[in-house]
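Data block below; observations after.
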Amino acid sequence: MGLWQLTALSIGATLGTGIFVILGEAAPLAGPAVVLSFVLAAVTALFSALSYAELAGTIPVSGSSYSYVYATMGEVAAWVCGWCLLLEYGVSVSAVAVGWGAYIDDLARATVGTTLPEALSGPPGDGGVFNVPAVVVVLLAMALLLRGTQESARVNTAVVVLKVAVLVFFCAVAFTAFRAGNLAPFAPLGAAGVTAAASQVFFSYIGFDAASTAGEEARDPRRDLPRAILISLVVVTAVYCLVALAALGAVPWRQLDGSEAALADVLRSAVGSTWPAVLLSVGAVVAIASVVFTVYYGQTRILFAMSRDGLVPRVFSRVSGRQRVPVANVVITGAVVAVLAGVVPLGELANATSIGTLFAFALVNVGVLLLRRSRPDLPRTFRTPLFPVTPLLGVALCVLLMVGLHGTTWVVFAAWMLLGLALYALYGRRRSALARQP
């Protein structure tokens, strides 16, 4: 993959459910100031992106931050990071799939006047039994991944162009209904609300590091990976802020509370016509499906790298067929993700994804600090500016947003980490490539 395909991979993994869906979860926490929440989340992502860019140009291998932490902090820290990435990528695929199901329902309601039975379109606890649309989109992504990387990358690049066009269309329509009064008071819940919403909308930025999972499938990884990471983050941030401003200017922020198809609901309310909402829902269905695919791709490549190091079973690094696809890896990952998508509510999935990601990002920033100290001689195609201030701020902002998450999310995260450490002690520590060395 070249620079454009790597950039499209990162944009494709980022631009989707976060803005199409999570706005309805975050707006009640900050009011119109949720626009600032997107900016705060973007700044947090930016500091980590700069660290990712340096490590991607220095250690251009598959596995994203797992591989970077392994090279800079050793096996135990790498396992912790990889375990967090399994939470980030695996759970976020499920969350994205749930958002896809919400837009499928919205599209069906707008076009044929009916929706799927509630029991088949939502998880337990949200009035449903099993979220069938969410499972279907995961299985579609699995089928595409099994066809190979090059073909999958072409499809993703085309879809990225489409989703950007859909969001530009949303802004163009929503700004025609813009009312300055909808933005007053701008921050009704104060700075605490902005921080709390930023913790939640950080979910929208998960995926900008997807290019770093493709280090071994890039034509010129040392040059292209840093550029792809930074370009994708700039594009995504600009789009998010425009969309959030357009949405909150078009309708009162309280109206978005709990909406899982938030942007379609904005168009329907603001314009008084159904066709813009239908068009947006069609675009959202395609756009969110592409996020499922790209984040799912990143998950399989992280498991591939961990398996190659012996920390998870070898089955995850076996490739087969002319396309050299890790078939068992793709199928097993897809099965687990599909079950999560079918039975867990969106809000809980998004929060669990955010805390795992923020912890992994903090480790990447620490990795840059350690590698500059231990191996200053290594060739670097990109250097994090204002070192060491930038990675230190990256760590601090990641911790700030982690603190803003609910106590329940911390309990889930602690349980996940304890489970991971137990698996490492019982399996990974004894079977790893490092343990087998004389």
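Coordinate-derived values only; no laboratory data. Just so we're clear, the structure is a prediction, and the values are computed from it rather than from any experiment. Glycine gets a Cβ as well: all are built from the backbone with ideal geometry, and neighbour counts include every protein chain shown.
For the chain, what is the mean residue ellipticity at 222 nm derived from helices alone (per DSSP H run of n ≥ 4: -39500 (n - 2.57); sum divided by total residues; nearest 500 deg cm²/dmol)?
Values: 18 runs with 300 residues, N = 438.
Computed mean residue ellipticity for the chain: -23000 deg cm²/dmol.
Once the gyration tensor of the Cα atoms in region 3-429 is diagonalised, the equivalent ellipsoid follows with semi-axes of 33, 24, 20 Å, ordered largest first.
With contacts defined as alpha carbon pairs under 8 Å and 6 or more residues apart, what's the relative contact order of region 3-429 in percent? Show your work: numbers first, answer last.
Values: 817 pairs, mean separation 152.4, N = 427.
Once normalised by length, the contact order is 36 percent.
Working note: Karplus 6.51/-1.76/1.60 with θ = phi - 60° gives region 138-146 the couplings 5, 5, 5, 5, 4, 4, 5, 5, 5 Hz, where Gly and Pro are set to x. A dipole drawn for region 3-429 from +1 and -1 charges on Cβ atoms has a positive end, and of 388, 244, 20 the residue lying farthest that way is 388.
Per-residue packing, averaged as other Cβ atoms within 10 Å, sorts the ranges 237-249, 163-175, 358-370 into the order 358-370, 237-249, 163-175, beginning with the highest. When +1 charges are put on Lys and Arg Cβ atoms and -1 charges on Asp and Glu Cβ atoms, the dipole computed for region 242-367 relative to its Cα centre reaches about 640 debye. Charge dipole (Cα centre; +1 on Lys/Arg Cβ, -1 on Asp/Glu Cβ; no other charges) of the chain amounts to roughly 1340 debye.
Rounded to the nearest Hz, the phi-derived 3J(HN,Hα) couplings of region 31-43 under the Karplus curve 6.51 cos²θ - 1.76 cosθ + 1.60 (θ = phi - 60°) are x, x, 5, 4, 4, 5, 4, 5, 5, 4, 5, 5, 5, where x marks glycine and proline.
Residue exposure proxy: 297, 66, ordered by other Cβ atoms within 10 angstrom of their Cβ from fewest to most, comes out as 297, 66. Compared with the direct C-alpha span, the chain from residue 324 to residue 155 gains 59.0 nm at full extension, assuming 0.36 nm per residue. The phi-based Karplus calculation (6.51 cos²θ - 1.76 cosθ + 1.60; θ = phi - 60°) puts the 3J(HN,Hα) values of region 65-78 at 5, 4, 5, 5, 5, 4, 6, 10, 10, x, 5, 5, 5, 5 Hz, whole numbers, x for Gly and Pro.
Would you work out if region 291-398 is rounded, prolate or oblate? Take a ≥ b ≥ c from the square roots of the eigenvalues of the alpha-carbon gyration tensor; rounded if a/c is under 1.5, else prolate when a/b is larger than b/c, oblate otherwise. Walk me through the intermediate numbers first.
Numbers: a/c = 2.81, a/b = 1.44, b/c = 1.96.
In terms of gyration-tensor shape, oblate.
Between amide H atoms placed 1.01 Å from N, distances below 5 Å from residue 325 occur with 320, all of them 5 or more places distant or on a separate chain.
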